[in-house]
Amino acid sequence: MEKQYDLVIIGSGPAGLAAAIYAQRARLETLVIEKEAVSGGQVLTTYEVDNYPGLPGMNGFELGTKFREHADALGMAFAQDEVQRIEEAGVELEYAEGEEKAAEELQAAELHAEKGLKRVICDKDTYLARSIIIATGATHRKLGVAGETEFAGMGVSYCATCDGAFFRKKVTAVVGGGDVALEDAIFLARMCSQVYLIHRRNELRGAKSLQERLFALDNVTLVWDTVVEEIQGDSQVKGLKLKNVKSGESSQIAVDGVFIAVGIIPNSSAFEGLVEMQHGYIVAGEDGETSMPGVFAAGDVRTKPLRQIVTAASDGANSVTSVERYLMDH
C-alpha cells in the first residue's frame with residue numbers, strides 16, 4: 001500500500017531542508033527523499049562559508065549538518081532513496097504481459113486522479129503526494145584533471161561569489177569563457193592582485209558587454225587556446241600546469257586559487273517531460289510554482305539569477321507557502 005503525504009520534498013540540501021522545517025511548522029504530513037547517505041547538498045564540500053548571515057566562517061559540512069539537525073529536531077521523516085520519475089497517480093503502473101489490473105486497483109487509481117495525487121516512483125519504494133517540492137540542486141561541471149578533487153575547498157572553487165573574499169590580494173585563475181567565467185574574473189579583479197582567465201579557444205563566448213569590461217581591467221591576463229592539465233600544490237593550491245591546444249606547448253603559472261566556471265548541470269533529468277524547463281533548469285519563480293499544478297521547484301534546480309545557500313533556503317520557505325495555498329484550494 002502506497003503511503004500518502006501532503007508533501008514530498010525531493011532533495012535535502014539547503015532548499016529541501018528549509019522546506020522541511022517550514023513544512024513541519026505548518027503541520028503538513030511530509031516526507032523528504034534524499035538519494036545520498038548524508039543531507040546538505042553542495043554545502044558539504046565547501047571548506048568555509050563566509051557569507052551566510054550570522055554564521056561567518058562556518059565550515060560547510062557543519063552548516064549542512066546543522067540544517068539537518070534542525071529538521072530532525074522537528075520530527076521530519078526522511079527516506080534514503082532515488083527518485084526515478086513522477087507521474088499522475090491515476091496513470092496505470094506497468095504490469096507483466098497478460099496480467100489484468102484488479103477492479104479495486106482501477107478504482108483507487110481513478111480516485112487518486114480525482115484528488116490530483118502524484119505518484120513518486122523511487123528505486124526502493126513508491127509514494128503518493130498531494131504536492132511535491134523538487135529541490136535536487138545542481139552540480140558544477142568538473143574539469144576532470146589531476147588535483148581537482150584533492151584540492152577542492154583548498155584553493156579549488158566553483159563559486160567566486162562564495163569564496164572570492166578568501167583570496168584578497170592574492171593571485172587567482174578562472175577557467176572558462178562563458179558569462180559566468182567572465183563575471184567571476186571581473187568580480188575577483190576587484191580584490192585579487194592578479195587574475196588569469198584561461199580559455200581553450202581564441203575568443204570568449206560571454207556577452208560582449210562583459211568582454212568589454214573584462215578587457216578594460218589591468219590586472220586580468222587572458223590565456224588563450226589553453227587548457228589546465230593539472231592543479232598543483234601541497235596543502236593548498238600553488239599553481240597550474242597548462243597546455244596550449246594549438247602548439248602543444250606546456251607551461252606553468254603560480255596561483256593561490258583556481259575558480260572553475262565551465263558550466264553547471266541541474267539535477268533534473270528525472271523530471272524531463274513533467275514540467276517546463278530551460279536548459280535543464282525547471283522554470284519557476286520565487287513562489288516555486290512550475291508548469292504542473294501541485295509541483296514546485298526550489299533552490300539551484302530552478303531558473304534564477306543567483307545560486308547561493310541563502311537564496312536556496314529562501315526558496316524552500318517560499319515554496320512551502322505556495323504549497324499551503326495549493327492544498328487549501330485542492
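We did not get these values from a lab; they are worked out from the coordinates using the rules stated. Note that the structure is a prediction, hence the values are computed from the model and not measured. In this analysis, Cβ positions are derived from the backbone assuming ideal geometry, glycine residues included, and neighbour counts consider all displayed protein chains.
Structural remarks
- Straight Cα distances below 28 angstrom link Lys238 to the lysines Lys142, Lys169, Lys170, Lys246, with same-chain residues fewer than 8 positions distant left out.
- GNM top mover of Val38, Val120, Val301 - the chain, alpha-carbon springs below 10 Å: Val38
- Size descriptor for the chain, Kirkwood hydrodynamic radius: 21.6 Å (Cα pairs only, one decimal).
- Residues with amide H under 5 Å from that of Met277, placed H, sequence gap 5 or more: Val283
- Residues with amide H under 5 Å from that of Gly90, placed H, sequence gap 5 or more: Ala113
- The chain: relative contact order as a whole-number percent, Cα under 8 Å and 6+ apart: 20 percent
- Ranked Phe167, Phe61, criterion: other C-beta atoms within 10 Å, fewest first: Phe61, Phe167
- On Cα atoms only, tilt of 103-115 relative to the major axis of the chain in degrees: 60 degrees
- Rounded to the nearest 20 debye, dipole of the chain from Cβ charges on Lys, Arg, Asp, Glu: 1600 debye
- Rg/Rh (Cα only; Kirkwood hydrodynamic radius) as it applies to region 128-237: 1.06
- 0 to 90° range, to nearest 10: angle between helix 14-25 axis and the chain longest Cα axis: 30 degrees
- Packing, as the average of other Cβ atoms within 10 Å across residues, places the peptides 311-322, 179-190, 122-133 in the order 311-322, 179-190, 122-133, highest first.
- Average Cα contact separation per residue, region 142-260, under 8 Å, 6 or more apart, as relative contact order %: 32 percent
- Fully extended contour minus Cα-Cα distance, from Leu74 to His330, at 0.36 nm per residue: 89.6 nm
- Nearest-ten-degree value, helix 60-73 long axis tilted from longest Cα axis of the chain: 20 degrees
- Backbone HN-Hα couplings from phi across region 209-216 [Karplus 6.51/-1.76/1.60, Hz, Gly and Pro as x]: 5, 5, 4, 4, 5, 5, 5, 7
- For the chain, cysteines whose Cβ has no other cysteine Cβ within reach (under 4.7 Å): Cys122, Cys192
- Integer Hz, Karplus 6.51/-1.76/1.60 couplings in order for region 230-235, x for Gly and Pro: 7, 9, 10, x, 10, 8
- At R0 = 41 Å, FRET efficiency that the Cβ-Cβ distance of Lys124 and Met292 yields, to 0.05: 0.95
- Along region 134-143 the Karplus relation, 6.51 cos²θ - 1.76 cosθ + 1.60 evaluated at θ = phi - 60°, assigns HN-Hα couplings of 8, 9, 8, x, 9, 10, 5, 5, 8, 6 Hz to successive residues, with x for each Gly and Pro.
- This ranking places Arg119, Arg85, Arg27 by how few other beta-carbon atoms lie within 10 Å of each, fewest first, which gives Arg27, Arg85, Arg119.
- Remark: spin-label model distance Glu36-Glu249 equals 4.2 nm, labels positioned 7 Å along the Cα→Cβ axis.
- Adding -39500 (n - 2.57) for every DSSP H run of four residues or longer, then dividing by how many residues the chain holds, sets the calculated 222 nm ellipticity at -8000 deg cm²/dmol.
- Theoretical FRET efficiency, 1/(1+(r/R0)^6), r = Cβ-Cβ of Arg27 and Ala165, R0 56 Å, to 0.05: 0.90
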